[in-house]
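The values are calculated or read from the model by the stated rules, or taken from the named source; none is laboratory data. Quick caveat: nothing in here was measured; it's all calculated off a predicted structure. Counting neighbours? That spans all protein chains shown, and the Cβs are built from the backbone with ideal geometry, glycine included.
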Amino acid sequence: MTQQVLFDDEKKSGISFEDVASQLEVSVATVRNWIKTGYLNQIKRGVVSKKSFDNFKNKVAGGEKLTARANKSLKDSHNHDEILSKFFSQLDKGEISGAELGAKYEQELSNSYKNKEGVYYTPTNITEPFFQYLPKECSRLSFCDPCCGSGNFIITAIDHGIRPENIHGYDVDPFAVEVTKKRILERTGYVTSKIECIDFLESTLTPNQPCFDIIFTNPPWGKKIQKNQREIYARTLGAGNGKDTSSLFFLASLKRLSDGGYLGFLLQDAFFNIASYEVARIRALSLQIKSVIDFGKPFAGLLTKAKGIVIKNSKSVKKDMVDCSDRNEKHRRLQGSFLENPKSILNSNASQDESDAISYLYSLPHLTLFGRAQWGLGIVTGNNKKFIIDEPAEGYIAAYKGVDLKRDGIADPSAFIPSDLSLYQQVAPKKLYEAKVKLVYRFIFSELVFYCDTKQRYILNSANLLIPNADLPISPVQLSEILNSKVVNWVFQSLFDTHKVLRSDIEALPIHVDYFNQFNKFDDRKYAIYLNLEEFKDGAFRIRKSGLRAVN
């Protein structure tokens, strides 16, 4: 009887992995890692003790370096019901304009809430470029913003002559809906009933929903949606592996777009080059892409880059041209040139000359590392403060950081960790670190930096490793020389334009191994000429004007 009471007390004092993950806004996998490293005490399957969780939440998370999301969720939060009550009260008083209310409301939201809900209202200076591709006479066209926020796209639509009675807007935030309605009233005197507190994604699953002539929006990037609901959306919309809310809203909006209509989306940079968005990019490329606009980093306090895309819902043809622009320059690209890229990447910052050169490189005989290497991740300690020291000590091993790696060498180690690898959250098989020859490379970086290691070094998670298969026709040193070359770095930056060097991106790069059939030593200049390329601006390459290889 006593044992049963103890069991019941233990059960009551426990908290599930899912609840821990939800409260700290991390994955269940991260919770398991915290159990492994001793932060949380597991008392039964799928349950940790409430006492260890409370101790962790109050004394560890937010203090020690764990995960950005876990710390942020505890340091940076707000009571949303209180904020809504406060701002609805201000709305009722009518003393502040709708635009000012929307801006103040966004400012009061915590960063953790913004990240969770994907709430970053579109700056007014960004909405304007989307409208330049619409017909001159568009007053009778229907307009929709599926994620209207405080209504900046909608107000710009009104300024471009679209009648307020033809404008629809949706948002799941009731205050945002009321602010947008207020702004329409202030601008036009029209009292609208077509700005509604509705989940656009959810409503799109219901048959016979209205379609619109123009859909312009800034969707909630990375909004947290329950996994099962996300799966339903992805399956229904044909999103493949692209289950981020950006892909889902993009495909849902295409489903609600009239034939010949216009779609304009402000999206995180990853949408244009990361593999998981490939299905959405292919869908976009099947239609007429009018423009891709690079806005840099338009959101205050957010490091993520953003680009806009404008599409006409008409079938694309070979000669379609895409206007590509950023803050400094504009150029035009053949739309079909994007289809020639790996993963249909929309590398709009590359000129037509650069695009032609990349297509040409892929047309030459080459290998890729896909299926031709073993890969390993650097060690994630789970708590650098606890495990890493900066001087050698008994029982510790040197662990190299990404910043220690150079193309022509490696710095002395500045980090040492206990040699017991079972202590850490993430560890590759020991045999990979201790391989006789391996390539280690910087992971968090915008360039390719590879080093051929022959001293069985261990690496931290700011670096990763690969071991080429024995049948690769060039040596590991030669492979590192090609990957470090100016040409391959330019291809990498042009296609992937990222601050992380991902395995899938490395596997997609062209490796022209036949160079070493002609030359014993690697030389950047000779490699470019061998490939019939010439450097022409800011490290970019194009096909040589002469069209002839002349290597001396």
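Results, tabulated for the structure shown:
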item: Residues being more than 23 Å from Ala270 (Cβ to Cβ) and either modelled with pLDDT under 95 or assigned to a loop (DSSP other than H, G, I, E, B) (or both) - total across region 473-517; result: 8
item: Subset of region 375-385 (residues that are surrounded by fewer than 21 Cβ atoms within 10 Å (Cβ to Cβ) and either at pLDDT below 95 or part of a loop (DSSP other than H, G, I, E, B) (or both)); result: Asn383, Asn384, Lys385
item: Residue in region 121-128 that is of a type in the set (A, V, I, L, M, F, W, C) and crowded, with 21+ Cβ neighbours inside 10 Å present; result: no
item: So Val317, is it surrounded by fewer than 18 Cβ atoms within 10 Å (Cβ to Cβ) and not assigned by TED's automatic domain parsing to the domain that holds Glu128; result: yes
item: Qualifying residue in region 484-501 (condition: closer than 21 Å to Leu367 by Cα, among the small types (Gly, Ala, Ser) and in contact (Cβ under 8 Å) with a residue 60 or more places away in the chain); result: yes
item: So Lys406, is it closer than 19 Å to Leu466 by Cβ, of a type in the set (Lys, Arg), exposed (fewer than 15 other Cβ atoms within 10 Å of the Cβ) and out of contact with any Gly (no Cβ under 9 Å at 6 or more places or on another chain); result: yes
item: Residue within region 217-228 that is among the β-branched types (Val, Ile, Thr) and surrounded by fewer than 18 Cβ atoms within 10 Å (Cβ to Cβ) present; result: no
item: Filter pass, Ala398 being surrounded by 21 or more Cβ atoms within 10 Å (Cβ to Cβ), touching a strand residue (DSSP E or B) at 6+ places or on another chain (Cβ under 9 Å), touching a residue at least 60 places away in the same chain (Cβ under 8 Å) and of a type in the set (Gly, Ala, Ser); result: no
item: Tally of residues being part of a helix (DSSP H, G or I) and either without any contact (Cβ under 8 Å) to a residue 60 or more places away in the chain or hydrophobic (A, V, I, L, M, F, W, C) (or both) across region 358-374; result: 4
item: Single unsatisfied condition, Ile459 versus (1) of a type in the set (Val, Ile, Thr); (2) over 15 Å from Arg503 (Cα atoms); (3) modelled with pLDDT under 95; result: (3)
item: Filter result for the condition that a residue is at pLDDT below 95, of a type in the set (Val, Ile, Thr) and out of contact with any Cys (no Cβ under 6 Å at 6 or more places or on another chain), over Val317, Val310, Val322; result: Val317
item: Unique match (being part of a helix (DSSP H, G or I), surrounded by 16 or more Cβ atoms within 10 Å (Cβ to Cβ), among the polar types (S, T, N, Q) and modelled with pLDDT under 70) among Ser52, Ser73; result: Ser73
